[in-house]
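Asks: The structure's right below; bear with me while I get my questions together.
The values are calculated or read from the model by the stated rules, or taken from the named source; none is laboratory data. Quantities reported herein were computed from a predicted structural model and do not represent experimental measurements. Cβ: placed from backbone, ideal geometry, glycine included. Neighbour counts: every protein chain shown. Side chains are part of the model used for accessible areas, which takes the heavy atoms of the whole protein and leaves out ligands, DNA and RNA. Shrake-Rupley method; radii C 1.70, N 1.55, O 1.52, S 1.80 Å.
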Amino acid sequence: MTDETGSTWVPVEEGSPFPLSNLPYGVFTPADGPPRVGVAIGSQVADLAALAGAGLLPGMDGAFALGSLNSFLAHGPRAWAAVRERLTVLFSQPERRPAVSRALRPLESVRLRLPFEVADFVDFYSSLDHAANMGRMLRPGEASLPPAWRHLPIGYHGRAGTVVVSGRPVVRPWGQLSEGVFGPSARLDFEAEVGFVVGVASRRGHPLAAASLAEHVFGVVLVNDWSARDIQAWEYRPLGPFLGKSFATSISPWVVPLAALRPARVAPPPQDPPPLPYLADADPWSLALELEVRLNASLVSRPPFAGVYWTPGQLLAHLTSNGASVRTGDLFASGAVSGPEPGQRGSLMELAWNGSAPLTLADGSTRAWLADGDTVSISGWAPGAGGSRLGWGALTAAIHPALPTMAVPGSPP
C-alpha cells in the first residue's frame, strides 16, 4: 500500500481541503474541450482522461473521458482502490512530475459540473436532534418523535432530476400554500446534510446488510435539500414531503471517497431500543464530519454529523430491506444534521425556531426564512490520514426570485 500521509510535489496550500490524503472526484469542463473526470489536489484538478490516455492509469481507458463518474463508479471497490493507490504514487513521486504536470489544470480555469448522473434520490430523517426539534415546533405538547422514529430510519423518495451542482441558483418555488392560495413560497429554508453515492448496484429482491456499505457506496457529498416549509406543511399529511422538497437539491461538486474517510470513522450514538436484526451491524460506524453553514457569509451553524442517530450502513440496509435494489448513481442523504446545541442546528427553521426567533446576521439584518438574493454555503471537514484535515470545498447556491411565468389564472398577483 502507498503512504497517503506523505508529501506531494503538487503545491498544496495550508488549510486546503484537498491534500494528498483526500483526492476527491468530480467532473469538469476545461476551456478547450469536452467534460471529463478529474481529481482535486491543492488548487488544481488532475485530468484523469489525460492520465489514462498517457498510459498512467492502466485499465481505465475511456472511463474518465465522459461527462459523469458513473462508468468509474460501476467498476467497484477493487478498481476504486487501485486508481487511488496509483494516483497517490503519481502525486508523491517527484520523478512523475514531468508526465503528470501536463494533466494538471488550475481549478479556477475550469467549470465544475454535476459529478454523476443521479439514478434515484432518497432523503432520510436520521438526526435525532433535528427530528426532536421539528416535533417540538410542529407538535407542541405532544411526543417530539413519531412513534416509529427510533425503530427505523424514516425517509422519502426525492426527485433525481432536480439534483443540481453547487453554484446553480435556486429559484423560489410556487405552490399551494393553504386552501385556495397558490403563490411563491414565503418560508424557504435550507437543510445541511451528508449524502452517500452508490457505485455498485444490487439485485432486486436481495436486501443489503449494514456492514456491506463499503462494497456498494463509493463516496460522500455535501447536500443541501432545500425546503419550502409552507408548501410542505399544507401537503405533507398523510404521505410526506412532495413539492415542498422536489424543486431543488444541491450537492457538492466533489465526491470524497469512503477510503479517504476511513480515519474519520467513529462509534455512533447508542440506540435504544436495539435495532431489529436487519439493521444490526457488528462494527457500526459514523463519521467525525463537521459541517459549517454560512448565510450571506455569516457563520450560523456547525452541525456535527458524528451524532446522527442512524448510521450510513443502516440507511442502506433499510433502503433495500423490502427487496428494492440500488443502482449506480443512486444518492441517499442523511436529512438535516443537527446537534444538541442551538449553534448546531442544520436548518433555518430550527435556528429561527419556526420564525418566532429570527436569526441576526453579521450585517445586522435578520432572517426568519431565506430572502431573495441570499446565498447559503455549506462546507465540511473531516480528519484524514496522518493527521491531515480534508474537505469538500463549499456547496453554495443563491436564492433567485420566483418566476412570474409560473403564475396561473386565479393565483394572487
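Asks: Suppose each label sits 7 Å from its Cα in the direction of the beta carbon; what would the residue 176-residue 79 distance come out to in nanometres?
Replies: Going from the residue 176 label point to the residue 79 one covers 4.6 nm.
Asks: Suppose only helical runs count, i.e. DSSP H with n ≥ 4. What mean residue ellipticity at 222 nm does that imply for the chain under -39500 (n - 2.57) per run, divided by all residues and rounded to the nearest 500 deg cm²/dmol? Each step should come with its number before you reach the end.
Replies: On the way: 9 runs with 65 residues, N = 413.
After summing the helix terms and dividing by the residues of the chain, the value is -4000 deg cm²/dmol.
Asks: Which one of 161, 205, 141 has the biggest mean-square fluctuation once the chain is modelled by GNM with Cα springs under 10 Å?
Replies: Ranking 161, 205, 141 by mean-square fluctuation puts 141 first.
Asks: Which value, in Å², gives the accessible area per residue of region 6-145 when a 1.4 Å probe is used on the protein heavy atoms?
Replies: Normalised by residue count, the accessible surface of region 6-145 is 42 Å².
Asks: Identify which of 17, 274, 263 has the largest mean-square fluctuation in a Gaussian network model of the chain, with springs joining Cα atoms closer than 10 Å.
Replies: 274
Asks: With a 1.4 Å probe and every protein chain left in place, tell me how much accessible area residue 134 has, in Å² to the nearest 10.
Replies: 20 Å²
Asks: May I ask you to compute the full-extension gain from residue 400 to residue 108, defined as 0.36 nm times their residue separation minus their alpha-carbon distance, rounded to one decimal in nm? Please list the in-between numbers first.
Replies: On the way: separation 292, 0.36 × 292 = 105.12 nm, distance 2.42 nm.
Extra length available between residue 400 and residue 108 comes to 102.7 nm.
Asks: When the accessible area of region 241-299 is split by element with a 1.4 Å probe, what percent falls to carbon and sulfur?
Replies: On the way: 1610 of 2550 Å².
Roughly 63 percent of what the probe reaches on region 241-299 is carbon or sulfur.
Asks: Sticking with this one: Convex hull volume of the Cα atoms in region 267-413, per residue, in Å³? Mind dumping the intermediate values first?
Replies: On the way: hull volume 32.5 nm³, N = 147.
Spelled out: Cα convex hull of region 267-413, divided by residues, is 221 Å³.
Asks: Another one. Rounded to a whole number, what % of the accessible area of region 314-413 do carbon and sulfur atoms account for, probe 1.4 Å?
Replies: Values: 2290 of 3990 Å².
On region 314-413, the fraction of accessible area on carbon and sulfur atoms equals 57 percent.
Asks: Let me ask something additional. Can you send over the carbon and sulfur percentage of the accessible area for region 31-167, probe radius 1.4 Å, protein chains only? If you can, show how the numbers build up before the last one.
Replies: On the way: 3240 of 6190 Å².
Here carbon and sulfur together make up 52 percent of the probe-accessible area.
Asks: Still on this structure: If you take Rg and Dmax of the Cα atoms in Å from the coordinates, which of (i) 23.8, 80; (ii) 21.4, 70; (iii) 21.4, 67 do you get?
Replies: (ii)
Asks: If you don't mind, another one. I want to check the label-to-label distance for residue 162 and residue 242. Put each point 7 Å from Cα in the C-beta direction and report it in nm to one decimal.
Replies: Between residue 162 and residue 242, the label points sit 1.2 nm apart.
Asks: Still on this structure: Give me the angle, in degrees from 0 to 90, between the Cα long axis of helix 77-92 and the longest principal axis of the Cα atoms of the chain, rounded to the nearest 10.
Replies: The two axes meet at around 60 degrees.
Asks: Just grab the label-to-label distance for residue 356 and residue 215, each label 7 Å out from Cα along the Cβ direction, in nm (one decimal).
Replies: Those two pseudo-labels are separated by 4.8 nm.
Asks: Then there's this: Excluding ligands, DNA and RNA, what is the solvent-accessible area per residue of region 245-395 at a probe of 1.4 Å, expressed in Å²?
Replies: Details: 5300 Å² over 151 residues.
Heavy-atom accessible area per residue stands at 35 Å².
Asks: Compute the Rg to Rh ratio over region 95-238 from the alpha carbon atoms, using the Kirkwood formula for Rh, and round to two decimal places. Write out the running numbers ahead of the final one.
Replies: On the way: Rg = 20.2 Å, Rh = 19.0 Å.
Rg/Rh: 1.06.
Asks: Could you please put 36, 203 in sequence from largest to smallest accessible area, using a 1.4 Å probe?
Replies: On the way: 36 45, 203 160 Å².
Descending order: 203, 36.
Asks: Which shape class, rounded, prolate or oblate, goes with region 1-90 when its Cα gyration tensor gives a ≥ b ≥ c as root eigenvalues, a/c under 1.5 marks rounded, and past that a/b bigger than b/c marks prolate?
Replies: Numbers: a/c = 1.81, a/b = 1.23, b/c = 1.47.
It is oblate, given that a/c is not under 1.5 and a/b is not larger than b/c.
Asks: Let me ask another. Helix 128-138: angle to the longest alpha-carbon principal axis of the chain, degrees 0 to 90, nearest 10?
Replies: The angle comes out at about 20 degrees.
Asks: Excluding residue 308 itself, what net charge comes from residues whose Cβ is under 11 Å from its Cβ, given Lys and Arg +1 and Asp and Glu -1? Kindly include the intermediate steps, with their values, before the conclusion.
Replies: Values: positive: none; negative: 129, 193.
Net charge around residue 308: -2.
Asks: Lys and Arg at +1, Asp and Glu at -1: add these up for the other residues within a Cβ distance under 15 Å of residue 69 and post the number.
Replies: Computed value for this residue: +1.
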